[in-house]
Every structure is written in C-alpha cells, then in structure tokens.
Amino acid sequence: MADDSIAVVHLDRCQPDRCNYECKNYCPPNRTGKECITLRGEDAEQGDPDQVRISEEICLGETCGICVEKCPFDAISIINLPQELEEDPTHRYGENAFALYGLPVPGDGKVTGILGPNGIGKTTAVRILAGEMTPNLGRHGDPPGWDAVQEAYRGTELQDYVAAVREDAITVARKPQYVDHIPDQFEGNTRDLLESADERGALDELVERLSLSPVLDQAIGDLSGGELQRTAIAATLAREADFYFLDEITPYLDIGQRVRAARLIQELAETEDRSMLVVEHDLAVLDLLADSLHVGYGEPGTFGVITDPKSVKSGINEYLSGYLENENMRVRPEPIEFEEHAPRPAVDHDVLLEYPAMTKSFGEGEFDLEVDAGEFRRDEVLGIVGPNGIGKSTFAKLLAGRIEPTTVGEGGGGPGGEFELDVNISYKPQYVEADQPMRVDAFLSSITDDFGTSYWNTEIAQPLQLERIMEQQLTDLSGGERQRVAIAACLSREADMYLLDEPSAHLDVEQRVRATRAIRRYAERNDTTVVVIDHDIYMIDLLSDRLLVFDGEPAVEGHASQPQDMRSGMNDFLANLDVTFRRDERTGRPRINKPGSQKDKQQKREGEYYYAPE
C-alpha cells in the first residue's frame with residue numbers, strides 16, 4: 001500500500017462466523033499467492049483469532065477496494081490519507097486500527113475549542129493531554145516511552161505541556177459527554193454530588209448562576225436532562241485543576257443557559273489562568289465561547305486529524321465551507337449554506353388542523369401551561385422555541401396524546417378530557433430510550449413496510465447514516481446513534497404530522513445538517529407537516545417556516561402563543577432571553593453577540609434581536 005493509505009478492520013463489525021471470508025477470497029494480492037488478508041491468529045494484539053488482518057505493505061489501497069465492497073458487514077475501510085499528512089500518527093490503537101494525527105494545544109487562560117464529527121479521535125486526544133495514556137507515535141508494536149514522545153514534540157507549541165504531563169504535573173477535571181449516564185454512576189442528591197466536587201470553594205456561585213438551587217435536594221436520578229447537564233458543568237468547574245475538558249455543554253440547555261454556561265467557562269479561564277478544552281457542536285455557542293479553534297476531520301472510526309489552531313471565526317467558516325485553507329484540504333463536497341437575508345416569509349398552505357386553547361395543570365404549587373388556539377399547516381416545518389421548563393415537551397405530549405389537558409376551549413374554560421386531534425401523529429420524545437433487546441434493522445423494519453426500499457434508503461437511511469449500525473443492538477448504541485435511529489423511526493411511520501422533540505441532541509455538526517435536510521426534504525416531498533422542538537438556533541434557522549414561541553416563568557408557568565412568521569417569532573423569543581444574534585458577512589450563519597457589546601446594545605435599542613447583518 002502507498003504510504004498515504006490506511007487499512008482498518010472494524011472489529012465490532014467483523015463477523016467471521018457469519019461470512020465466507022469474501023474479503024480474503026476476492027483480494028487480488030491473495031489470488032496471486034501473497035498474504036495480504038489473513039486471519040489474526042492466536043497471537044493477535046486485538047480481536048478474535050478468526051477475524052481478519054490486512055497487510056498495509058501489500059494492500060493495493062483505495063484504488064482497489066474490492067475487500068471493502070465484498071465484506072457483507074461493512075467491516076473494512078481502506079482510505080487514502082491526505083497527501084499533506086506527512087508526519088507519523090500521534091497514536092494508533094493497533095494493527096488495522098484507528099489512527100490519530102495531531103493534538104490540540106491547550107493554553108493557560110484560554111478556551112480552546114474542537115470542532116469536528118464524532119469518532120475522529122477527540123476523546124483519544126484528551127486522554128493523551130490528561131496523561132491517561134502515552135501516545136505511541138504510530139509504533140503500536142513497539143511503543144515508545146515518554147523520552148521519545150517529548151523529543152517528538154520538542155520545538156512545538158506542545159513542548160512545555162508534554163513535559164508537564166510527563167512529570168505528572170497536570171491535574172484534570174472532565175465533564176462527560178453523555179450526562180444521562182450520571183445517575184448510573186452516582187447515588188444521592190444533587191447537593192451531595194456538588195459538595196463532593198467543590199475543591200475551589202466556588203459552589204455557591206456556580207449553583208446561583210446555573211440556577212440549581214431548586215434541585216439541590218432532588219435525587220440525581222430524578223433530574224431532567226437540562227438539570228443533569230447544568231449539574232455536570234457545575235461539578236466540573238468546582239474542581240481544582242490545571243486542565244478542564246468539557247465534552248458538549250449544550251445538549252438539553254436552552255439558549256440562555258448555554259450563554260451563561262459559556263460565560264462561566266470563559267471567566268474561570270481568564271481570571272484564574274486555567275486551560276479549557278471544549279468539544280462543542282453548537283456553532284453559535286462555540287463561536288461565543290472559544291479563543292482559538294482546532295478543526296477535526298477524517299473518516300470516523302478509521303482516522304482523525306486535529307489541525308493546528310485557527311481563529312474561531314475562520315475555523316468555523318472554513319468548516320462550513322468544507323475547505324480548510326491552511327491544510328489545502330476539502331473535508332466536505334459541498335458547503336453548508338445559510339440564508340443571507342431575513343428568513344423566508346411564511347407561505348399560506350392549506351390548514352392541516354386547528355387546535356383549541358387549552359391548559360395543563362400538574363397540581364397546586366406545580367407547573368401550569370396555557371396554550372393559545374392555533375393551527376398547523378400542510379407542507380410546512382414549524383419550529384418550537386422557548387426556555388427549558390416552560391412547557392414545550394408538555395405541549396408535545398398533549399398533541400401526541402401522551403397526557404390529557406386540564407381544560408379545553410376558548411380561554412381554557414371547557415372541561416378536561418375533550419381534546420382529541422383528528423390526525424395521526426408520529427412522535428419522537430426528548431429523551432430517547434433504547435432498552436429493547438433488538439437489532440436496529442429489526443426495530444426499523446417492524447415500523448414500516450418501506451424498510452430497505454430505494455425510497456427509504458435514499459430519504460431516511462442514507463441522510464441519517466444508518467447503514468453501519470443496522471446490525472447493532474439498540475442497547476449498544478451511543479447517544480448520537482440512538483438519536484438518529486429515533487429520528488428515522490419517527491419519519492418511517494405513516495402519519496399526518498411528525499413531531500420531533502430536540503432531534504439535535506448528541507449529533508455532531510455534520511449529523512445535524514444531514515438530519516435537518518432529511519426532515520426538511522421529507523416535509524416537502526410528502527406534503528406533510530413537521531413540528532420540531534429544539535434549542536439549536538442553526539437547526540431552527542435552516543429548518544423552520546414558522547415559529548411557535550413559549551414564554552413564562554420556567555418550572556412555574558408557561559404560555560404558548562400562536563405560530564408566527566420567523567422574524568417576529570425569533571425577535572420575541574430572543575427578547576425574552578435578552579440575547580441578540582447577527583449574521584456572519586461571509587456565510588450568513590447566525591452568531592451570538594457578546595453580552596454588553598456595542599452590537600448587542602445597538603440591536604436591543606432597535607428591537608432587532610435576530611438577523612441584523614454585520
């Protein structure tokens with residue numbers, strides 16, 4: 001194989017007991033008597049002895065690719081590495097295993113961002129920076145010690161940092177990616193968890209600024225996703241550490257909470273000279289939060305490259321354009337584009353259904369929701385926005401028939417129990433459970449007769465990148481994989497209206513764009529109605545025709561107004577949160593104004609909280 005190629009056998013998908021070794025039997029070098037694809041054998045570093053290994057010295061590379069096509073389980077990747085990638089890997093996990101190139105550069109008093117798809121080595125990079133593993137510089141068979149590693153980074157921006165890691169002089173605090181796993185690892189209430197983490201004596205301020213006081217005495221297992229996320233951020237920032245790693249701070253948080261969390265992270269970096277490394281897929285928050293940015297690219301599960309640091313604006317814009325200028329590397333065949341002007345005006349489509357005014361009360365002293373009467377239109381995507389704890393998911397459950405309203409009718413004056421929508425609704429809840437002992441393909445085929453058809457593959461499976469997880473068990477999926485399966489299941493059902501609650505959670509930027517396009521395209525091609533609840537402004541901006549805005553007092557009372565056009569809806573929503581956005585002059589993407597900045601003050605004076613051009 002050429003020096004710029006890599007062969008990876010995905011051991012979690014290689015199933016020798018269910019195939020006839022098509023990869024081995026059809027390999028051209030094998031057929032000429034060479035031993036290119038062989039069995040791993042008992043002395044294998046990793047995997048089952050009956051699984052295959054590929055000799056990268058003999059393999060013909062991506063120009064052949066016969067084994068890739070012949071493998072029935074999509075277990076082989078042969079990839080030509082970028083020609084500009086001349087150095088050895090930072091770390092390779094073994095023979096025919098994932099390889100990482102490059103490392104991010106933490107800076108004292110700085111917030112360093114990483115932007116890129118899932119599965120390209122961000123966690124590996126952090127483990128190396130945290131001193132949890134020694135990079136093997138690609139020599140997995142004869143791994144080097146720290147002397148060789150330190151020599152490899154001599155003269156680079158990482159020289160001093162690597163020396164500190166070697167001397168065990170770096171302390172690390174880490175926020176996990178999937179906060180919904182916290183209840184499985186900790187018993188007790190929120191106060192217990194936070195007090196056990198408070199090494200800096202900063203707990204009172206963190207609790208106040210992250211609005212955690214109401215849940216301090218609640219059991220961790222009873223917290224919502226947003227409460228768990230804020231608890232995890234507080235516990236991480238309360239620790240005494242040199243290096244803080246925060247893996248996705250935005251899932252389940254509303255825009256206001258995201259901005260507050262970003263400010264806390266920035267302040268800790270600036271005032272106490274701490275190093276912050278943040279992996280984030282909400283581009284608007286990453287833009288606001290980071291001082292510099294590394295872009296990650298590659299082939300998920302096969303190889304990943306972490307670029308040298310870029311300015312945040314340039315890094316995000318290059319990533320959206322699909323072309324990294326300094327690296328002379330195209331990472332996507334087409335750019336991600338945003339509308340450059342005000343949002344498209346609402347189009348008068350036929351009304352699918354009118355829903356009445358209603359209320360839902362959870363009891364005295366509990367949450368109350370009031371909903372104004374409104375309508376859903378055919379062939380439109382309606383975005384639903386509002387703070388957490390304001391009733392959006394309650395409204396979705398009312399529409400889906402999961403709960404009954406307290407009163408129905410004009411002003412909510414009618415008796416309860418009379419609310420019934422004369423439409424069929426397919427509903428994806430906010431929190432995706434995957435406790436069924438079933439394979440993904442079996443689960444999806446049980447939902448629709450279209451499973452596996454060219455239409456279903458083109459419109460749903462391919463945009464949501466489901467091919468490689470079809471044979472996995474639902475219980476083994478990651479949070480992002482569960483999310484994509486749940487979106488596919490929702491869109492696969494026969495329905496008049498599709499209701500998706502927070503489909504962006506745990507999806508990377510590419511996956512969010514793909515999911516957005518799949519949802520938008522499905523609505524347009526099927527003359528159907530899609531309702532999306534989400535906090536990701538990019539997804540709402542790309543997706544929605546109209547908005548339904550919730551306001552009120554979180555956890556106390558909420559109010560849903562009638563659906564309205566995008567401009568007025570976004571202005572109402574952001575005014576309630578006291579957050580302003582502008583448009584990037586190059587890409588048209590929404591950007592959060594720094595609170596108190598000249599632009600922020602100007603837009604607030606003009607009442608233009610959204611879509612103000614730069």
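The values are calculated or read from the model by the stated rules, or taken from the named source; none is laboratory data. Predicted model only: the values in this text are computed from it and were never measured. Here the Cβ positions follow ideal geometry from the backbone for every residue, glycine too, while neighbour counts run over all protein chains shown. Accessible surface is based on the protein model in full, side chains and every heavy atom, while ligands, DNA and RNA are left aside. Shrake-Rupley method; radii C 1.70, N 1.55, O 1.52, S 1.80 Å.
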Projecting each Cα onto the charge dipole of the chain (Lys/Arg +1, Asp/Glu -1 at the beta carbon, about the Cα centre), which of MET276, SER321, PRO183 comes out farthest on the positive side?
SER321
At 1.4 Å probe size, what's the solvent-accessible area of VAL68? Round to the nearest 10 Å².
40 Å²
A 29 angstrom limit on the alpha carbon distance is what I want to check against. Which of LYS70/LYS428; LYS122/LYS594; LYS175/LYS428; LYS110/LYS175 exceed it?
LYS70/LYS428
Take the alpha-carbon centre of segment 1-72, take the same for segment 565-614, and report the distance between them in whole Å.
53 Å
How big is the Kirkwood radius of segment 191-271, worked out from every pair of different alpha carbons and given in Å to one decimal?
12.8 Å
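At a 1.4 Å probe radius, which order do ARG514, ARG484 fall into by accessible area, largest first? All intermediate terms of the calculation are to be shown ahead of the outcome.
Numbers: ARG514 90, ARG484 20 Å².
These residues rank, largest area first, as ARG514, ARG484.
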Would you kindly state how much longer the chain becomes between ASP565 and HIS181 on full extension, computed as 0.36 nm times their sequence separation minus their alpha carbon distance, in nm to one decimal?
134.4 nm
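Whole number in Å², please: accessible area per residue of segment 235-309, 1.4 Å probe, ligands, DNA and RNA not counted.
Details: 1630 Å² over 75 residues.
Heavy-atom accessible area per residue stands at 22 Å².
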So for the chain, taking the charge dipole from beta-carbon charges (+1 Lys/Arg, -1 Asp/Glu), which of ALA262, PRO429, PRO28 sits furthest toward the positive end?
PRO28
Can you show me the helix-derived [θ] at 222 nm for the chain, built from DSSP H runs with n ≥ 4 at -39,500 (n - 2.57) apiece and divided by the number of residues, rounded to the nearest 500.
-8000 deg cm²/dmol
Can you tell me the orientation of helix 509-525 relative to the chain, as the angle in degrees between its alpha-carbon axis and the longest Cα principal axis, to the nearest 10?
50 degrees
Please compute the alpha carbon radius of gyration of segment 104-164, then divide it by the globular-protein estimate 2.2 N^0.38 Å. Two decimals is fine.
1.19
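Sorted by accessible area with a 1.4 angstrom probe, largest first, how do ILE249, ILE447 fall? Display every interim value, and only then the final one.
Details: ILE249 0, ILE447 45 Å².
Descending order: ILE447, ILE249.
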Here are some values of mean projected area of the Cα convex hull in nm²: (i) 44.9; (ii) 29.1; (iii) 27.7. Which one was computed from this structure?
(ii)
Segment LYS313-LYS604, length gained on full extension (0.36 nm per residue, minus Cα span)
102.4 nm
In whole percent, how big is the carbon plus sulfur part of the accessible area of segment 271-407, probe 1.4 Å, protein atoms only?
43 percent
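Placing +1 at every Lys and Arg Cβ and -1 at every Asp and Glu Cβ, with all other atoms neutral, what dipole size does the chain have around its Cα centre, in debye to the nearest 20? Don't skip to the answer; put the middle values down first.
Values: 61 positive and 115 negative charges, 202 e Å.
About 980 debye.
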Check the chain for me: any Cys whose beta-carbon has no other cysteine beta-carbon within less than 4.7 Å?
CYS14, CYS19, CYS27, CYS36, CYS59, CYS64, CYS71, CYS490
Using the Karplus curve 6.51 cos²θ - 1.76 cosθ + 1.60 with θ = phi - 60°, what ³J(HN,Hα) values do you get for each residue of segment 312-318, in whole Hz, with x for Gly and Pro?
5, 4, 5, x, 5, 5, 5
Where nothing but the Cβ of Lys and Arg (+1) and of Asp and Glu (-1) is charged, how large is the charge dipole of segment 1-101 around its Cα centre, in debye to the nearest 20?
520 debye
Compute the Rg/Rh shape ratio of segment 242-369: radius of gyration over Kirkwood radius, all on alpha-carbon atoms.
1.12
Checked against the positive end of the charge dipole of segment 169-287 (+1 on Cβ of Lys and Arg, -1 on Cβ of Asp and Glu, about the Cα centre), the farthest of LEU228, ALA169, PHE245 is PHE245
Overall dimensions of segment 178-221 by Cα: Rg and Dmax, Å
10.5, 27
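For the full complex of protein chains and a 1.4 angstrom probe, list LEU491, LEU421 by accessible area with the highest value first.
Numbers: LEU491 0, LEU421 30 Å².
Result of the area sort, largest leading: LEU421, LEU491.
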Excluding residues fewer than 8 positions from LYS310 in its own chain, the aspartates and glutamates with Cα under 19 Å of it are GLU84, ASP108, GLU157, GLU280, ASP282, ASP287, ASP291, GLU318, GLU325, GLU327, ASP584, GLU585
Could you state the principal axis extents of the C-alpha atoms in segment 425-570, from the largest down, to the nearest angstrom?
44, 33, 27
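Can you send over the carbon and sulfur percentage of the accessible area for segment 3-160, probe radius 1.4 Å, protein chains only? Each step should come with its number before you reach the end.
Values: 3230 of 7620 Å².
Answer for segment 3-160: carbon and sulfur cover 42 percent of the accessible area.
Quote the charge dipole size of segment 544-614 about the Cα centre in Debye, to the nearest 20; the model charges only the Cβ of Lys and Arg (+1) and of Asp and Glu (-1).
That gives segment 544-614 a dipole magnitude of about 460 debye.
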Square roots of 5 times each gyration tensor eigenvalue, C-alpha, segment 1-157, largest first, Å
32, 16, 16
Using a Förster radius of 56 Å, what is the FRET efficiency between ASP192 and TYR26 based on their Cβ-Cβ separation? Nearest 0.05, please.
0.45
Not counting ligands, DNA or RNA, and with a 1.4 Å probe, what is THR458's accessible surface area in Å² rounded to the nearest 10?
60 Å²
With DNA, RNA and ligands ignored, accessible area of SER361 (1.4 Å probe; Å², nearest 10)
50 Å²
Across all directions of projection, what mean area in square nanometres is found for the Cα convex hull of segment 540-606?
5.5 nm²
Contour minus end-to-end for ASP147 and ASP422, with contour as 0.36 nm per residue of separation and end-to-end as the Cα-Cα distance?
91.9 nm
Once amide H atoms are placed 1.01 Å from N in the peptide plane, what residues at a sequence separation of 5 or more from GLY374, or on another chain, have their amide H within under 5 Å of its amide H?
TYR355
Per-residue HN-Hα couplings for segment 438-452, Karplus 6.51 cos²θ - 1.76 cosθ + 1.60 at θ = phi - 60°, whole Hz, x for Gly and Pro?
8, 6, 4, 5, 5, 5, 5, 5, 6, 8, 9, 6, 7, 4, x
All-pairs alpha carbon distance profile, segment 144-298, 5 Å steps from 0, percent:
1, 9, 17, 20, 19, 14, 9, 6, 4, 1, 0
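Compute the orientation-averaged projected area for segment 47-113 from the convex hull of its Cα atoms and round it to one decimal in nm².
Values: hull surface 28.7 nm².
The directionally averaged projection comes out at 7.2 nm².
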What is the calculated FRET efficiency for ARG200 to GLU334, with r their C-beta to C-beta distance and R₀ = 45 Å, to the nearest 0.05?
0.45
Taking each pair of distinct Cα atoms in segment 473-545 once, what is the resulting Kirkwood hydrodynamic radius in Å?
12.5 Å
